[in-house]
Every structure is written in structure tokens, then in C-alpha cells.
Amino acid sequence: STWGLHCFRMLGRALRVSIVTAARVRVPAGALRRAEGTIASELRQTVVEPVVGSDSRVTVSKRRSADLGFATRQKVVSADETYLPLHANYRAHHINTTKLVSDLFGHAPEAVHRTRESVLITMDLGGQLVAFNAENVAAQRMAVLHDYGSVVFVNFNETERAEFLRLARPYMAAAVTEPVVEEYAVVVSKSLPSLCQLTPECLVVQRLEKEAVQVIAAPLAQTVALEHYENRVDAMVDTFLKLNAEVGRTGKLAMERGELFALIASNNTILTEVITTLGLLDRSETAWRFARLDPIWEAVRSEFEISERFANMDFRLSQIQHNTRFFLEMLAHRKNNTLEIIIIVLISGEIALTLADIWQNRVEEARLREAEQSGGDSGPALA
């Protein structure tokens, strides 16, 4: 009957929902072992994260290190997944990666992988330089250096990052006063059906090759460098807001011409460095050479909103240019007023000199006429 068919369909839907829920809600293997008490020693070495919601994968918040607790180097998220923390640092406007690699890592070329965009350095957990091994990334530490001053650490703890930066500091030029740090995470899941999957908490990849490490590190390196320039633009915007408020209150510009020219130069320098040095408008050469990695590059760029942030910064820079044009016109007007006053003073002086010369000439003429008259009167009297 129709009622029986309806009940059969409802029963089928309930079975499908229960099957999907059972497939998603998986108890971590580490939890089962802990319940059975078979590998207590292994549990002391690895941290098993609790199940979050209906997914056994650990959710890692992109908050600061104080909230994330990234001190643990490796976190096992399931039997076939490995969690790797990423830290991007922007420390200087330039890093001499060629000399750094030659001086510090030249004795182990197998641990160095260089491309036009970056340099990948691989170590084991003991700090020894080793060749990259895609089959055991959890037992490795990776550092990706970029010439424009960014360093991306993979699987480093805080102490190891500080030591690496200390060694790299002599090779940095124009160090920034306020370093920028960004944190992210990668989960390597061999059972992932696709090449990569972007979640709100981390990037999940099926396999982590050395080229994939550099492709993931590229947007991270760009985002911390871009944030540095965004901070500089914000400071410039605050300066012009104060100037506009001062002009609106007093009607006068309290800034010298040299200071305004310095702001204009900074504005032009920021835009040039962001486009040419960081290469925000260029595609990743590694992702272009290895087309299968292009979705990873696109996913990480979209996660950190690189294009949107650049467009926003470009808009703010254009607003700064409009402000500088306005203030330049004010300075030009002020200079024109000064020149007009000088010209008026010079013309007035010239008129005064001309009038004085005319008055002096008339005085001389009057004296001559008086002398002639006095000479004419004395002549007949003597006769």
C-alpha cells in the first residue's frame, strides 16, 4: 500500500543517516588503546586530541600561540593523519639566502632545495641536516626562507625557531622594528580522497612533498610581509587623519614640505615593493611547474585573502595619494602667497626708490633755479 511504501522510504532514510553518522563519528585509535591499556608508554610520547563534534580530526584555531599551545612538535590526529604546525615570520626587508645557505648549510646540499622563489632546508628532530623524506614528514623539521625577509617554519617549536632566527640574523638587512608572526597548520591525511581540502582550521593534504611545502609556505610568507606593509599604510592613514583634523580646526597645514615629500616617497615605495618584491600579482612558479599543486596554492591564498587584502591596501594608498595631492596644493598655495608678498614688497620698494629719485631730482632742479635767480639779481646791482 502507499502507507507501507512511505514507511519503507522513511526507514531507508533513517538507515542512511545512521550509516553516515557512524562513518563520520570514529573513535581515535589512540583512545581505544588507552582503554585497553596496551600501549601506555606510547601515549606518554604522543598527544591525542579529543574528538571535536562528529569528526575525529583535531580542529586547530588560528589564534595566537598563547591560545594554540604549539609547544608540542607533533600531534597525532588519527591513525593515518599527522598534524604539523606552521609559523611564518617577517623579520627584515631582505635575507641573503645565498650566503646563509653557503655558510650554514653548504656542507649538506642534500638538505637544501632551492627555487627562484625560496629555499627549503630540512632537518630531523635532533637538528641534523637530512634529505627531505615525504614518507615520514612527522620526523622532520623544515624551514622555508624567502629573499624578501620571510621565514616559514614547519614542525618547529618556539625554542628551535628562536635559535634558527638567531643564526640567520647576521644575514638579514634592514630588520623591521615590529616582526610579524602568523600561525597555521597542515594535516597530512593519506586517506584523503582529493589532493587537498581547506577547512576553517587547517589545510589537509593527501601527501606533503618538498614542492608542496614551498607552495604552502609561499602565501604564508607573503601574508606576514603584506601585514607589515599594511601596518605601515595604517600609520600613514592615521597621520593624514590627524592632518585633516588639524586643517579642519585651524585652517592651516602644520607640516613642512620635506615631511610631506617623505610620506609621498613611502607611499610609492610600499606599492612598488609589494608588487615587485613580494610578487603578489604573480603566480607561484613551483605551482606552475607542478600543475597538481596549483589547487593547494590557490587554497592557501584564498584562506589568507591575499588578493582582497592587496586590493584594500591599494585603495588606501590611492586615498593617501589624493590626500597628498590636496596638501601639496595647500603648500603650493602657501608658497604662492609668500612669493606674492615678496613680489609686492619688491615692487613697493622699487616704487619707493623711484619716488625718492624723483623727489631728489626735483630738489636739485629747485636749487639750480634758485642759484640762477640769485645770480641774475646780483649782476645789475654791480653794474
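With the dipole of the range 282-383 worked out from charges on the C-beta (+1 for Lys and Arg, -1 for Asp and Glu) around the Cα centre, which of 333, 375, 310 lies farthest toward the positive end?
After comparing all options, I get 310.
Under a Cβ-only charge scheme (Lys and Arg +1, Asp and Glu -1), can you give me the dipole magnitude of the range 223-263 about the Cα centre, in debye to the nearest 20?
Dipole of the range 223-263, to the nearest 20 debye: 260 debye.
Using a 1.4 Å probe over the heavy atoms of the protein chains, calculate the carbon and sulfur portion of the accessible area of the range 73-197 as a whole percent.
Using a 1.4 Å probe with all protein chains present, the range 73-197 comes out at 51 percent carbon and sulfur.
Among the trypsin sites (Lys or Arg not before Pro) in the range 128-200, which ones are in a DSSP loop with at most 16 other Cβ atoms within 10 Å of the Cβ? Mind listing them?
190
Tally Lys/Arg at +1 and Asp/Glu at -1 over every other residue whose Cβ is under 10 Å from the Cβ of residue 275; what's the total?
-3
So how do 265-271, 152-158, 112-118 stack up, highest first, on mean other-Cβ count within 10 Å?
Per-residue mean Cβ counts within 10 Å order the peptides as 152-158, 112-118, 265-271.
With a probe of 1.4 Å, find how much accessible area the range 108-189 has per residue, and write the answer as a whole number in Å².
41
Compute the accessible area per residue over the range 207-319, keeping the other protein chains in place, probe 1.4 Å, unit Å².
Ligands and nucleic acids excluded, the figure is 47 Å² per residue.
Report, in debye and to the nearest 20, how large the dipole of the range 248-383 comes out about its Cα centre when Lys and Arg carry +1 and Asp and Glu carry -1 on their Cβ.
So the dipole magnitude of the range 248-383 works out to roughly 520 debye.
So if each residue of separation counts as 0.36 nm, and I subtract the Cα-Cα distance between residue 169 and residue 370, what length gain in nm does that give?
This chain segment gains 63.0 nm when fully extended.
Using unit Cβ charges (K, R positive; D, E negative) and no other charged atoms, how large, in debye to the nearest 20, is the dipole of the range 95-147 about its Cα centre?
120
The values are calculated or read from the model by the stated rules, or taken from the named source; none is laboratory data. Computed from a predicted model, the values in this text were never measured in an experiment. Backbone-built Cβ (ideal geometry, glycine too); neighbour counts: all protein chains shown. Ligands, DNA and RNA are stripped out before the accessible areas are found, and what is left, the full protein with its side chains, is counted by its heavy atoms. Shrake-Rupley method; radii C 1.70, N 1.55, O 1.52, S 1.80 Å.
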